[in-house]
1. Among the residues of segment 190-200, which ones are open to solvent by less than 80 Å² (accessible area, probe 1.4 Å) and either over 12 Å from GLU485 (Cβ atoms) or outside any helix (DSSP H, G or I) (or both)?
2. What is the one condition in (1) open to solvent by 50 Å² or more (accessible area, probe 1.4 Å); (2) in contact with a helix residue (DSSP H, G or I) (Cβ under 8 Å, 6 or more places away or on another chain) that TRP161 does not satisfy?
3. All but one of (1) within 30 Å of the chain's Cα centre (by Cα); (2) more than 21 Å from GLU377 (Cα to Cα); (3) among the small types (Gly, Ala, Ser) hold for GLY293; which doesn't?
4. Select from segment 151-163 the residues that are among the charged types (D, E, K, R) and part of a helix (DSSP H, G or I) and write down the one among them that is nearest to ASP435 (Cα to Cα).
5. Select the strands (runs of 3 or more DSSP E) contained entirely in segment 217-305, then report the ones holding at least 1 residues which are among the charged types (D, E, K, R).
6. What is the number of the single condition among (1) modelled with pLDDT of 95 or more; (2) surrounded by fewer than 15 Cβ atoms within 10 Å (Cβ to Cβ); (3) not aromatic (Phe, Trp, Tyr) that ILE245 does not meet?
7. Got a sec? Which of ARG477, ARG460 is touching a His at 6+ places or on another chain (Cβ under 8 Å) and either closer than 24 Å to LEU419 by Cβ or open to solvent by 40 Å² or more (accessible area, probe 1.4 Å) (or both)?
8. Identify, by number, the condition in (1) over 21 Å from LEU229 (Cβ atoms); (2) part of a strand (DSSP E or B); (3) under 30 Å from the mean Cα position of the chain (by Cα); (4) not hydrophobic (A, V, I, L, M, F, W, C) that ARG340 doesn't meet.
Amino acid sequence: MEPEMEDKTLEQMNSTFMDSQTDERSKKTTVFKTITNGPMTGSRKRPSEGNYEKEKEVCIQLFDQWSEADQVEFVEHLISRMCHYQHGHINSYLKPMLQRDFITALPAQGLDHIAENILSFLDARSLCSAELVCKEWQRVISEGMLWKKLIERMVRTDPLWKGLSERHQWEKYLFKNRTTEVPPNSYYRSLYPKIIQDIETIEANWRCGRHNLQRIQCRSENSKGVYCLQYDDDKIISGLRDNSIKIWDKQSLECLKILTGHTGSVLCLQYDERVIVTGSSDSTVRVWDVNTGEVLNTLIHHNEAVLHLRFCNGLMVTCSKDRSIAVWDMASPTDISLRRVLVGHRAAVNVVDFDDKYIVSASGDRTIKVWSTSTCEFVRTLNGHKRGIACLQYRDRLVVSGSSDNTIRLWDIECGACLRVLEGHEELVRCIRFDNKRIVSGAYDGKIKVWDLQAALDPRAPASTLCLRTLVEHSGRVFRLQFDEFQIISSSHDDTILIWDFLNVSTNGQTEGRSPSRTYTYISR
């Protein structure tokens, strides 16, 4: 083919292609104008039926010839020309088309486990609603044992649920796979509201002061007073003014063992699964085997009474009437070495607490001091109490302290600000503990007070709403207490240990704040 002929052929081909493209665009434009021109954009009236049907048919035929991308582009242009009223109609039309019942669709594809996993994130109210959607959703929930999984999730994350599962014996039906024999989903479905009812009852008992009381009388012949205690589900370990440590069975309230060796009152103690560590007015710290009661180690460092101690994760902190704080490394019960001595308080250091970030100490000099746990360097002082500080607890950013000025103060440890002052005790506040809901305090006025922690942290809450209940049973100064979701256990100068049970409450003739008691008396020899 001649070059000139080839050029003419190519030119004709290009012209034909361009004409086809122009025709295609022209058709789209024509269709677009056909649809959008006229009263449709500004009025809700429809043109004459005859013209509309013919034009619509032409538009649909052309629309079907275009690619998906061109169709989308055309519809976008079309929608942009419509009014809000028309957009609403289109939205109503599209909504059901875009909805997909994937919970029903997944099992049809053999993916039941994915549907179960999605629904397992629902809370109880949502799970109830999901059961009502359709039979297929109900089947997925039932066969997936989702009520069981919900209860297991609550038990893993909430101490109150965990405690109830242990005390009411339904823990044995949890955390078992499908190959073992477990009750049907209906059992867990009916169990859930019963658990909620139990929780509401316990909360009401705390608010109203309803409790059953058990009393351990641990009188000794020469002196009286239970200075410190700690408990678990099986035992209570107490330190007494008569220089002894007594271990009590928590169920029978009988004395299981007496540890002797200190030559002064046992003022503080802490134990774990291996050891009991005690501090005494004889200035020593002793380490005992928790199972045998054998003395494993005696630490002689402080010059005066050891008033308080804490240990955790290989670190122990002790404080003393000698105004100092000692930081110890605990490699083992028999290998404990002094790391550092912290000085700065101008009176006896009555209490210490710590975590990985801070060591916190409180003193008769009216101050709380904060120290770095890693470097043992001084960080800051919290000032505010008018008299000496007898007790405190520290967790996260919150410090709660009790003082001989009869008040309790809440502090932000990071900025040193006093967040709230709680007033109500009539004498020195000797012991204090808090969890996520409550503060429980004991004082030399013989009273134990339960406070609303969340309300205390809210500056808008009136002071009159903060104390939930005052418990009066001790006839002497309250020295120490510990509590959990179900009970308070306290000790006093009256030589008793009291167990205040808010779970197993008898309603027969009981008055609020006081309750029937069971007493066990031990006379030491």
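The values are calculated or read from the model by the stated rules, or taken from the named source; none is laboratory data. Note that the coordinates shown come from a computational prediction; the quantities given were computed from them, not determined experimentally. A quick note on method: Cβ atoms are made from the backbone with ideal geometry, for glycine too, and the neighbour counts reach across all protein chains shown. Quick note on the areas: whole protein, heavy atoms, side chains included, nothing else; ligands and nucleic acids left out. Shrake-Rupley method; radii C 1.70, N 1.55, O 1.52, S 1.80 Å.
1. Selection gives SER190, LEU191, TYR192, PRO193, ILE195, ILE196.
2. (1)
3. GLY293 satisfies every listed condition except (1).
4. Among residues in segment 151-163 that are among the charged types (D, E, K, R) and part of a helix (DSSP H, G or I), the one nearest to ASP435 (Cα to Cα) is LYS162.
5. 235-240, 245-249, 255-259, 284-289
6. (2)
7. Criteria check complete, one pass: ARG477.
8. (3)
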